[in-house]
Amino acid sequence: MAAATLTEKGQIVIPADIRARYELTPGTQVEFVDEGGVIRLLVRRRVAPSDPQAGYGMIKIAPSKTGGTPRRLSEFDPASLLKPSSVNSKRGRK
């Protein structure tokens, strides 16, 4: 049977073979149940492992204004996203 050691912070590492057998992925919530001297670990909520490739193509980016050439980060101007505040426009500032 697999064993684990409790750290000073009260943490344990669930052995890899147990995690694989019970499909315990990062973010899975577990509950500790005290049954009169025996502690059971129950899975409360499983979290499916994420697949970065599953999100590929979800974001559509319009081509740059210069034509069909790919956009580059160096062309990005964060100031262009800011709207003039009402305080600055009342004072005649831009």
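Backbone phi angles across the range 38-43, fed through the Karplus curve with coefficients 6.51, -1.76 and 1.60 (θ = phi - 60°), yield HN-Hα couplings of 10, 9, 9, 10, 10, 7 Hz in residue order; Gly and Pro are listed as x. Each peptide in 72-81, 21-30, 39-48 receives the mean, over its residues, of other Cβ atoms within 10 Å, and ordering these scores from highest gives 21-30, 39-48, 72-81. Projecting label points 7 angstrom from Cα along Cα→Cβ for Ala16 and Leu41 puts them 1.6 nm apart.
Quick note: the coordinates plus some simple rules give every number you see, no bench work behind them. This is a predicted model, so every value here is computed, not measured. Glycine gets a Cβ as well: all are built from the backbone with ideal geometry, and neighbour counts include every protein chain shown.
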